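Here's the structure, in structure tokens; my notes come after.
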Amino acid sequence: MGKLNRFNYILRNIVMVAIVIGIYTRYKEDTKSLIIYVSIFAIILVNDYIRHNGIIRKKRLVTISLLLSIIAGGILGYFARGYSDIYPFMLTYEIIMFYNDGLGRALLSFNIITMIFSHLFDGVELSQIFLKSFWIENILDILMFVFLIASVIIFILYLKLQVREKNRIQKLNTKLNESYQKLQEYSNKIEELTISKERNRVAQEIHDSLGHSLTALIMHLDFLEKITNEDDTKSRKLIIKTQEIARSSMKDLRKAVFALKEEKSKLGFLDSLEELKNDLTINEALKINYDLGTELEKISPDLKNVIYITIKEALTNSIKHSNSTMIDIICCIKEHYVSLEINDNGVGCEEIIYGNGLDGINNRISIVGGNVKLNSSKDKGFSIAIFIPLREGGKSDEANKSDVS
């Protein structure tokens, strides 16, 4: 409707200029008539300006304004003639486009009568109108003018129908997009709940099976230590070593179970990252800065998990190995991919050596179809640039194939 209104505005101004030029050209030698017709034209301009710019909003006042324009336009068309005959057609457009009730039909009928009167009876004496000969002589002119009015009305009605259909389709598209967004949100929530439930189930199974087995193993080793002869040094050393391994395995198992049962989704992705920052900031000398896009909350739970663990791994490596005092993390969605940048101001290195941490990051990102770029030099810090492609619904290429924990 915006383009249509602009076109209507331009066309209207062109017609108004043509009308005033026509009045001036026709009556420049007749000062009195020129002043009268220009005054009527000025009334039309002011009245239309008030109506079109929303200075009056009540329907009753708008209708009165439109009636005034119809009457003034009819007077101008009948007496001034020239391009003034075009103005009632503009009023026809306005009435059809913005009125949908009986009042609109009444205004349209009145405007049509005014148009016919000002056009057909121009220069005709009142007594001639009632003569049969007048109608016979002018029947063709009358029919052609009525046909012209009917054609214009049909065209405007068609235009109105197109505008209505376009608006209806736009509303349907808006509702469809809103429904799709809601459906995607519900889908993500269901996926998060499913993943959380599965993690808890796996954690419980590990705890109930392997956890109980390790506990039993430790108890048997403790008993074996007590009944073993103290003089049998080799056996006791082996038993103590086995106990340490078993207890260490039990400790690692508890950590894994706790990690599986963590409910980061309850906090929200960005809040979880903020909590991670607080947990890792062990002294005031270290400053961790986040620049995170809020749109990250809309990506899939799998991808959130990958990004969360990657940031956690990178922060841990930086704190342990880089002796950095500042770590900057920038993460956002750009077009069709997630961009993650992690930079620190640590000691850096001449040659990047892949350990468990960097290998884990590489493997994790490659599973979701992304790539990792590392950059470092001595005394100039360490930087990680990660790019993960997105697909429909905010998921990466392989996000549906693996739940990375």
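Laid out as a table, the results:
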| quantity | calculated |
| --- | --- |
| Members of the stretch 312-335 that are crowded, with 23+ Cβ neighbours inside 10 Å and modelled with pLDDT of 90 or more | Ile327 |
| Residue list for the stretch 275-308, filter: surrounded by fewer than 18 Cβ atoms within 10 Å (Cβ to Cβ), under 25 Å from Ser187 (Cα atoms) and not polar (S, T, N, Q) | Gly293, Glu295, Glu297, Lys298, Tyr308 |
| Number of positions in the stretch 165-180 that are closer than 30 Å to Asn111 by Cα and surrounded by 11 or more Cβ atoms within 10 Å (Cβ to Cβ) | 2 |
| The stretch 103-139: number of residues that are farther than 16 Å from Ser84 by Cα, exposed (fewer than 15 other Cβ atoms within 10 Å of the Cβ) and modelled with pLDDT of 85 or more | 4 |
| Any pair with Cβ under 7 angstrom, 6 or more apart, that starts in the stretch 341-360 at a residue that is among the acidic types (Asp, Glu) and ends at one that is assigned to a loop (DSSP other than H, G, I, E, B) and surrounded by 18 or more Cβ atoms within 10 Å (Cβ to Cβ) | Asp344/Ser324; Asp344/Gly381 |
| From the options Val347, Val372, Val338, Val368, residue that is over 25 Å from the mean Cα position of the chain (by Cα), within 28 Å of Lys182 (Cβ to Cβ) and either exposed (fewer than 13 other Cβ atoms within 10 Å of the Cβ) or in the same structural domain as Glu297 (by TED's automatic domain parsing) (or both) | Val368 |
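The values are calculated or read from the model by the stated rules, or taken from the named source; none is laboratory data. The shown structure was predicted, so the numbers you read here are calculated from the model rather than taken from an experiment. Positions of Cβ are generated from backbone atoms using ideal geometry, with glycine treated the same way; all protein chains shown enter the neighbour counts.
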